[in-house]
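Undergrad: Okay, here's the structure, questions in a sec.
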Amino acid sequence: MAEGSSSDTGNRCDENGPENSSPKSVLPGITISRVKLLDTMVDTFLQKLIAAGSYQRFTDCYKRFYQLQPEMTQRIYDKFITQLQTSIWEEISEIKQEGNLEAVLNALDKIVEEGKDHKEPAWRPSGIPEEDLCSTLAPYFLQQRDTLQRRVQKQEAENQQLADAVLAGRRQVKELHLQVQTQQQAWQALHREQRELGAVPKEPE
C-alpha cells in the first residue's frame, strides 16, 4: 500500500525519460543538463525520503489508531506524503526563482559546451579565479541577503502588531480591574451606610 503512495515521484522520473535517471546510471559520454540533474537529485531525495518513511513505519508509530481505523490511517498517510512532496517541490521552485538557477545552470552548460573545442587555457575577465568567482557569486548572495532582510522586516512588523495587541489587551484588563475595584468600593460604602442606618434607634413618638 505504501508503494502506491510513493509512486508519484517515481512516475515523475519515468516521464522525464532516461536523462532524469540517477546520476550514477548516466552512460559515459552522454551530457545531462544541470537543471535536469538538479531535478533528478530532488527526485532521488524524495524517493529515499518516502522509502525511509514507509507506510509500515507510519503504522508502527500509530499502531493503536491503525488497529482502530486502518482505512483512515491509509488516507492520512497518503495525504501526508502528497503534501510533503508538494511542499518540497515548492521550496525547490522558490529557490530556483530567487537565485535564477535555471538561467545560471543553462548558461553554465552553454559555457561548458562551447569550451570543449578550446584547447588553450580558459580566459577569465581579471585573470584571478578568486576575483572572478566573487564577482559572479556576490550578486547572488546580495540578492539572498535582500530577500532575507525583507522577510525579517515582515516578521518584525508582524511581531510588533502582536506586541501592540498584547499591550492593548493588558490595558483593557487593567481598566476592567479598576472598574471592578471602583464598583466594589462603591458597593462596600453603600453596604456600610445601610448598616449604619439600620443601627440608628428610632425616636419615641
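The values are calculated or read from the model by the stated rules, or taken from the named source; none is laboratory data. Worth saying up front: this structure is predicted, and the values here are computed from it rather than measured. Positions of Cβ are generated from backbone atoms using ideal geometry, with glycine treated the same way; all protein chains shown enter the neighbour counts. Accessible surface areas use protein heavy atoms only, side chains included; no ligands, DNA or RNA. Shrake-Rupley method; radii C 1.70, N 1.55, O 1.52, S 1.80 Å.
Undergrad: Does region 179-188 contain any residue that is closer than 30 Å to residue 100 by Cβ and of a type in the set (Ser, Thr, Tyr)?
TA: No: region 179-188 contains no residue that is closer than 30 Å to residue 100 by Cβ and of a type in the set (Ser, Thr, Tyr).
Undergrad: To continue, here is another question. Given the criterion at pLDDT 85 or above and exposed (fewer than 15 other Cβ atoms within 10 Å of the Cβ), identify the matching residue among 31, 86. Walk me through it before giving the result.
TA: Details: 31 fails: at pLDDT 85 or above.
Matching residue, one of 31, 86: 86.
Undergrad: Considering 130, 114, 98, which residue is in a helix (DSSP H, G or I), open to solvent by less than 90 Å² (accessible area, probe 1.4 Å) and at pLDDT below 85? If you could, list the steps in order and put the result at the bottom.
TA: Values: 130 fails: open to solvent by less than 90 Å² (accessible area, probe 1.4 Å); 114 fails: open to solvent by less than 90 Å² (accessible area, probe 1.4 Å).
The unique qualifying residue is 98.
Undergrad: A follow-up question, please. Cβ-Cβ below 6 Å, separation at least six or inter-chain, first residue in region 42-61 and hydroxyl-bearing (Ser, Thr, Tyr) and in a helix (DSSP H, G or I), second open to solvent by less than 30 Å² (accessible area, probe 1.4 Å) and modelled with pLDDT under 90: which pairs?
TA: Sorted first by the residue in region 42-61, then by its partner, the pairs are 55/2.
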